[in-house]
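Contents: one structure, followed by commentary.
The values are calculated or read from the model by the stated rules, or taken from the named source; none is laboratory data. Quick caveat, the model's predicted, so the values are computed rather than measured. Cβ placement follows ideal geometry from the backbone for every residue including glycine, while neighbour counts extend to all protein chains displayed.
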């Protein structure tokens, strides 16, 4: 499709100026298609991945629609996670840079609700929030929605996977019938289409084809390694490509913590980000990463939702993602704003079939890379050092140091030896061993002792996927009755003979609801929430259907783990 220039769009001078300040001249495909429809007031369904420019696609029309003289809430944006809510609100602030009368507030769990109440009382026209915290404010009468003209659901599929459907419907029911309703989602599931039919009026569908999911600006490589080789492979790639700012994705919070410790021990400036961290800590980590004080951010998929730093040079899939779409989300964090980027993926022998699935989904041929050898690493160090010395020589200004050189020569040292000593002091040892990457004969069970799948932290809380724990005062999880069967409606795409029924020894009497079970299993066992089948909850126990291929992973990670603070036993139902 033909891309539009922003100057061709009927936008106000203040918004045009803000867009120019952001460095944008040409609209992305999703922006080119969506913005004209949204400016004309149409309801819209946008199918687009992270990194395609979807935030500006709905942000620009939203800012244009605001009446700055009206201090009531006119636009509401719902996001699945606090990180994404913060990112979206920051994007809105950039777009409204030259509209000083437009006020924007982000409301989400894990932050002081009193501070949010104070901001809302001062009057804001745009609110960006997570469903749980939005409902908290509605119930406290600190957020009124009767004047909302536009509501946007960002990453709607993710919100439904996390069990937010009832919350979304409750929020939509509090708004005027006459409004503009916008859905943005990476996938168009049956459940999303049901919501669009119920809450939208003749929506326009704007879809970015799968062959446009990954940007040509990103070089994609994979490396076949054993689990114990990953840290060394990572450090070599960082040095070989001279990467200054990078994101590293792991599948579990335990792996995040372990890798951060290993990298810091090697002298890297690494920080971790996962769902068990308090919001204040997460904000501090992101501040250091954006400022460059932290050069390596290691994160889980859930915690990384909403990370938007244009200068990220490379993304490392330290663990291969369990979900095809998560691969797209991950690598979309680099190669942004027209820049180039790199995506490196580590795979073990058993991961190769999953890698092929990802390549089929993205329609991209991910090239097999070779770990740089010791000789290549040394050559790279020497080359960079040589260029640095050349630049310093050309800059001149050595008069103050001539006396030191003269003294060393007078003491009998050769000039060549003096230079060699100085280089050694700056570069350190150049001895690197390739022993770790020597080929070995594979056993029938590939690397029995090499537990590179990192099965998670048995004792910890599950990743904050089912619900942000801070989203509700009083710890409530989901609204409505505790129906046996699947809270998110219907059966999984995996059904019948592909499913295995598991028994869990807690039920209604423990205040367990379907969303708790989905969130715990999806977050801790790292399987997509939409693959979980029917859930039946009884007074003292529950049943849940899991795809056969994921059963052992779920049993291993979830047995003796916790759901809502209650220790569980889980086994195949008899």
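Listing for the model above:
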{"read-out": "Meets criteria (farther than 24 Å from residue 191 by Cα, outside the structural domain of residue 320 (by TED's automatic domain parsing) and modelled with pLDDT of 85 or more) for residue 506", "value": "yes"}
{"read-out": "Meets criteria (farther than 26 Å from residue 335 by Cα and out of contact with any helix residue (DSSP H, G or I) (no Cβ under 7 Å at 6 or more places or on another chain)) for residue 21", "value": "no"}
{"read-out": "Test for residue 275: is it more than 29 Å from residue 324 (Cβ to Cβ) and either surrounded by fewer than 21 Cβ atoms within 10 Å (Cβ to Cβ) or touching a helix residue (DSSP H, G or I) at 6+ places or on another chain (Cβ under 7 Å) (or both)", "value": "no"}
{"read-out": "Every residue from region 191-212 that is outside any loop (DSSP other than H, G, I, E, B), modelled with pLDDT of 85 or more and surrounded by fewer than 19 Cβ atoms within 10 Å (Cβ to Cβ)", "value": "191, 193, 194, 197, 198, 204, 205, 207"}
{"read-out": "Complete set of residues in region 259-268 that are in a loop (DSSP other than H, G, I, E, B) and either in contact (Cβ under 8 Å) with a residue 12 or more places away in the chain or more than 27 Å from residue 229 (Cα to Cα) (or both)", "value": "266, 268"}
{"read-out": "When residues of region 422-435 are limited to those that are surrounded by fewer than 12 Cβ atoms within 10 Å (Cβ to Cβ) and modelled with pLDDT of 80 or more, the one farthest from residue 370 (Cα to Cα)", "value": "422"}
{"read-out": "Selected residue (criterion: nearest to residue 41 (Cα to Cα)) from residues of region 158-189 that are without any contact (Cβ under 8 Å) to a residue 24 or more places away in the chain and not in a helix (DSSP H, G or I)", "value": "178"}
{"read-out": "When residues of region 170-190 are limited to those that are over 18 Å from residue 77 (Cα atoms) and out of contact with any strand residue (DSSP E or B) (no Cβ under 8 Å at 6 or more places or on another chain), the one modelled with the highest pLDDT", "value": "190"}
{"read-out": "Residues satisfying the stated conditions in region 239-258, i.e. surrounded by fewer than 23 Cβ atoms within 10 Å (Cβ to Cβ) and outside any loop (DSSP other than H, G, I, E, B)", "value": "239, 240, 254, 257, 258"}
{"read-out": "Members of region 304-320 that are within 25 Å of residue 372 (Cα to Cα) and crowded, with 20+ Cβ neighbours inside 10 Å", "value": "312, 314, 315, 316, 317, 318, 319, 320"}
{"read-out": "Region 25-45, residues that are under 21 Å from residue 90 (Cα atoms) and in contact (Cβ under 8 Å) with a residue 60 or more places away in the chain", "value": "30, 34, 38"}
{"read-out": "Candidates 26, 83, filtered to the one that is in contact with a strand residue (DSSP E or B) (Cβ under 9 Å, 6 or more places away or on another chain) and surrounded by fewer than 22 Cβ atoms within 10 Å (Cβ to Cβ)", "value": "26"}
{"read-out": "Qualifying positions in region 213-238 - assigned to a helix (DSSP H, G or I), surrounded by fewer than 18 Cβ atoms within 10 Å (Cβ to Cβ) and at pLDDT below 90", "value": "227, 228"}
{"read-out": "Criterion: in the same structural domain as residue 178 (by TED's automatic domain parsing) and modelled with pLDDT under 90 - qualifying residue of 49, 16", "value": "49"}
{"read-out": "Answer from 107, 126, 138, 152 - the residue that is under 13 Å from residue 76 (Cβ atoms), surrounded by 22 or more Cβ atoms within 10 Å (Cβ to Cβ), more than 21 Å from the chain's Cα centre (by Cα) and not assigned by TED's automatic domain parsing to the domain that holds residue 531", "value": "126"}
{"read-out": "Some residue of region 516-533 being at pLDDT 80 or above and more than 28 Å from residue 255 (Cα to Cα)", "value": "no"}
{"read-out": "Test: residue in region 358-381 that is under 19 Å from the mean Cα position of the chain (by Cα) and surrounded by 18 or more Cβ atoms within 10 Å (Cβ to Cβ)", "value": "yes"}
{"read-out": "Qualifying residue in region 4-12 (condition: closer than 21 Å to residue 339 by Cα, touching a residue at least 24 places away in the same chain (Cβ under 8 Å) and buried (at least 19 other Cβ atoms within 10 Å of the Cβ))", "value": "no"}
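Matching residues to (1) outside any helix (DSSP H, G or I); (2) over 23 Å from residue 143 (Cβ atoms):
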| residue | (1), (2) |
| --- | --- |
| 11 | yes, yes |
| 30 | no, yes |
| 42 | yes, yes |
| 57 | no, yes |
| 67 | yes, no |
| 76 | yes, no |
| 80 | yes, no |
